[in-house]
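The values are calculated or read from the model by the stated rules, or taken from the named source; none is laboratory data. Since the structure is predicted, the reported quantities are computational estimates derived from the model, not experimental observations. Heads up, the Cβs are rebuilt from the backbone with ideal geometry, glycines too, and the neighbour counts pull from every protein chain shown.
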Amino acid sequence: MSEERQSKLTSKATLIGFVVIAGAGALLSSVQSWLDIALLPGAATVERLAVTGQQISPALTMISLASLAAALVLTIAGKGFRRVIGVLIVALGGGLSYAGVRALIDPLEGASGSLEEVSGISGEAQSSLIDTMTVSVWPTVTVIVGALLAIAGLLVLVFSPRWKVAGRKYETGGAARPRGATAPTDDRISEWDALSDGGDPTDDEHR
């Protein structure tokens, strides 16, 4: 990889944009159906139950929003604070991946609350209510998004100290004047002095 290409991939705009995309992807995933459960006839008030990522792991939405907020803070953060944000983004990515892996390993655990709402039954007895259960692609998507977000956090941690800091201009007297130029205020003071001495400051203009 050329140095120029690497510089573009690790630039401030690229990494912040990547964090935003990952956070938005995680937020989208959280409202999708992760589990599709077909229940036995008469076992509950419904025959089929769709369980979203947010229902399985309520922290998903908070993690997603925190990722978007971290990207916003990165746009104004100083060099030292960028590293803190980088560590935070790594942790948020790990949290997303953990939620996805947990849903893949034990989907029934995450769906227990939703099952209890429609059946009134809790605990291990819930498994006797289920005819079939299908896990969608969204938990896997969340695992991948979390891993990519964590990688982005690592890149922020490593490369953010190299980002350029925009300079600020502080103006105290308006636009700069050429060296040796007389300020308008000084001219007015001279005119008032001339009037005080009985002279006419406009004489010079008509000579």
### Message
Tell me yes or no: at least one residue of segment 178-201 is at pLDDT 60 or above, surrounded by 11 or more Cβ atoms within 10 Å (Cβ to Cβ) and not in a helix (DSSP H, G or I).
### Response
no
### Message
With the requirement that a residue be of a type in the set (Ser, Thr, Tyr) and either within 18 Å of Gly153 (Cα to Cα) or not in a helix (DSSP H, G or I) (or both), what does segment 53-68 give you?
### Response
Ser57, Ser64, Ser67
## Note on the structure
Counting only residues that are more than 35 Å from the chain's Cα centre (by Cα) and aliphatic (A, V, I, L, M), segment 18-54 contains a total of 6
### Message
Any residue in segment 62-77 that is closer than 15 Å to Trp163 by Cα and modelled with pLDDT under 90 sitting within a Cβ distance under 9 Å of a residue that is assigned to a helix (DSSP H, G or I) and polar (S, T, N, Q)? List the pairs, counting only those 6 or more apart or interchain.
### Response
Leu74/Ser160; Ala77/Ser160
### Query
Does Leu96 meet the test of being crowded, with 18+ Cβ neighbours inside 10 Å, within 22 Å of Val135 (Cα to Cα) and touching a helix residue (DSSP H, G or I) at 6+ places or on another chain (Cβ under 7 Å)?
yes
#### Entry: First in segment 124-142 and under 22 Å from Gln54 (Cβ atoms), second anywhere and charged (D, E, K, R) and at pLDDT below 95, Cβ under 9 Å, 6 or more apart
Gln126/Glu116; Met133/Asp36; Thr134/Asp36; Val135/Asp36; Ser136/Asp36; Pro139/Arg102
### Query
Of the conditions (1) touching a Leu at 6+ places or on another chain (Cβ under 9 Å); (2) part of a helix (DSSP H, G or I); (3) surrounded by fewer than 18 Cβ atoms within 10 Å (Cβ to Cβ); (4) not polar (S, T, N, Q), Ala50 fails just one. Which one is it?
(2)
### Task
Sort out which residues of segment 69-87 are surrounded by fewer than 18 Cβ atoms within 10 Å (Cβ to Cβ) and either in contact with a strand residue (DSSP E or B) (Cβ under 9 Å, 6 or more places away or on another chain) or in a helix (DSSP H, G or I) (or both), and write them in order of number.
Ala69, Leu72, Val73, Lys79, Gly80, Phe81, Arg83, Val84, Val87
### Query
Which one is modelled with the lowest pLDDT, of the residues in segment 155-167 that are surrounded by fewer than 20 Cβ atoms within 10 Å (Cβ to Cβ) and touching a helix residue (DSSP H, G or I) at 6+ places or on another chain (Cβ under 6 Å)?
Pro161
## Note on the structure
Taking segment 103-134 and keeping only residues that are of a type outside the set (S, T, N, Q), under 30 Å from the mean Cα position of the chain (by Cα) and buried (at least 17 other Cβ atoms within 10 Å of the Cβ), one is left with Ala103, Pro107, Gly110, Ala111
